Amino acid sequence: MIRARCEVLSNRRTGRYHSLTLVAPEIAEDAKPGQFIEVGVPEGRDILLRRPFSIHQASRRGGWAGTLEIVFDALGPGTAWLAEARSHDVLDVVGPLGRPFNDPGDLSTCLLVGGGYGAAPLYFLAEELRAKDKAVHMIVGARTAERVFKPLEGKRLASSLVFTTDDGTMGELGRVTDALPSVIKRTGAQVVYACGPNPMLRAVGEYCRDLEIPCQVAVEELMACGLGICWTCVVPFIALDGRGWWNVRACVEGPVLNAARIWWDRWLGASADDQTPPEGFTAAPEPQLAKPWPR
Ligand SMILES: Cc1cc2nc3c(=O)[nH]c(=O)nc-3n(C[C@H](O)[C@H](O)[C@H](O)COP(=O)(O)OP(=O)(O)OC[C@H]3O[C@@H](n4cnc5c(N)ncnc54)[C@H](O)[C@@H]3O)c2cc1C
Ligand code: FES
């Protein structure tokens, strides 16, 4: 993990989102798909905590070598400030943070499912998977067409790509989970990687678990320190034998987790006081995905 003062190379609109490219050679060199950075908001503003953002691209070669790109939605004071950052501004950045997506090992057909800006880390993942000769298929969804994340780049990266929008303004009408069964069937996906709103991750994870397809999800939970110290970001995680559970920190043990072992009901509120994991829970599939991403 590196703390660096990073110059803003560019900050531009891409659909509904803002795309910020930073000169960050040391962080870019170490970054892996699924990891994130934390950006500090300068003194003089009432924003104490750094803001976490997934790494969308980390360029190590070519004309953009040594740069990092994040893409964000301006929702509140921190992101509104970031949206105003100009070329040559200098940001205080910590990263790369968290556990990345795991290498698919011998599995050759990968399906990447992204919702809204949650698709951001999947494009970085798609590049790395393609470099390993894996077949990459994608489902990218959003509420409306303008929130569909970088559609042209998605088309460039994936062997097949299905767009979905809640209002039908682009691609298929509906949610990514509506398209999931047919895409898994058509592509023969052997492993699923997903990032997006937590209810979407739950639906994708539960569907894959029923089919015994390994599924890794990059979760989003409120983060105070981003460094494993404060335990703000906990996610309930079930033991492999289903007989117990513990909290994992999304910022260090995550954000990428095995979807089949997340105790979704407890995490997302339906059974927040329960102490016993759901009956009949069986060990989740996690075959080759136990290895960290090799470089
Ligand atoms: C690992 C991780 C990766 C993320 N990647 C991206 C990304 O690629 N693009 C993007 O647009 N956003 C991403 N987020 C969410 C982003 O961090 C928040 O939108 C941002 O912190 C909001 O700050 P704010 O000051 O603008 O808004 P606030 O006024 O603080 O909040 C606006 C909204 O964002 C939520 N929020 C606030 N702080 C956080 C936080 N620390 N983590 C999660 N949600 C928060 C609030 O609940 C509220 O709904 C990510 C979050 C995490 C944890
Ligand atoms: S945000 Fe502090 S431990 Fe995760």
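Summary table
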| read-out | value |
| --- | --- |
| Qualifying position, being near ligand 2 (Cβ under 8 Å from one of its atoms) and within 15 Å of residue 100 (Cβ to Cβ), among 218, 224, 250 | 250 |
| Flag for residue 98 being within 16 Å of ligand 2 (Cβ to nearest atom), out of contact with any Pro (no Cβ under 8 Å at 6 or more places or on another chain), within 27 Å of residue 253 (Cα to Cα) and of a type outside the set (A, V, I, L, M, F, W, C) | no |
| Residue satisfying all of: in the range 104-128; buried (at least 24 other Cβ atoms within 10 Å of the Cβ) and of a type in the set (Ser, Thr, Tyr); nearest to residue 197 (Cα to Cα) among these | 117 |
| Evaluation of residue 85 against (1) assigned by TED's automatic domain parsing to the domain that holds residue 250; (2) within 16 Å of ligand 1 (Cβ to nearest atom) (one fails), failing number | (1) |
| Set 221, 212, 253: member being under 26 Å from residue 95 (Cα atoms), touching a residue at least 12 places away in the same chain (Cβ under 8 Å) and away from ligand 1 (no atom under 11 Å from the Cβ) | 253 |
| Test result for residue 161, surrounded by fewer than 21 Cβ atoms within 10 Å (Cβ to Cβ), at pLDDT 95 or above and under 24 Å from residue 100 (Cα atoms) | yes |
| Failed item in (1) on the phi > 0 side of the Ramachandran plot; (2) at pLDDT 95 or above, with residue 62 passing the rest | (2) |
| Residue identified as under 23 Å from residue 26 (Cβ atoms) and within 18 Å of the chain's Cα centre (by Cα) among 131, 126, 120 | 120 |
| Failed criterion for residue 242 (all others in (1) within 16 Å of ligand 1 (Cβ to nearest atom); (2) in contact with a Ser or Thr (Cβ under 8 Å, 6 or more places away or on another chain) hold) | (1) |
| Residues of the range 20-61 that turn out to be among the polar types (S, T, N, Q) and within 10 Å of ligand 1 (Cβ to nearest atom), as a count | 2 |
| Residue satisfying all of: in the range 224-239; closer than 30 Å to residue 190 by Cβ and β-branched (Val, Ile, Thr); farthest from ligand 1 (Cβ to nearest atom) among these | 238 |
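So that you can scan it fast, the table gives a plain yes or no per residue for (1) in contact (Cβ under 8 Å) with a residue 60 or more places away in the chain; (2) of a type in the set (Phe, Trp, Tyr); (3) out of contact with any helix residue (DSSP H, G or I) (no Cβ under 7 Å at 6 or more places or on another chain):
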site	(1), (2), (3)
14	yes, no, yes
17	yes, yes, no
30	yes, no, yes
39	no, no, no
46	no, no, yes
74	no, no, no
86	yes, no, yes
94	yes, no, yes
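The values are calculated or read from the model by the stated rules, or taken from the named source; none is laboratory data. These figures come from a predicted structure and were not determined experimentally. As a convention, Cβ positions derive from the backbone with ideal geometry for all residues, glycine included, and neighbour counts pool all protein chains shown.
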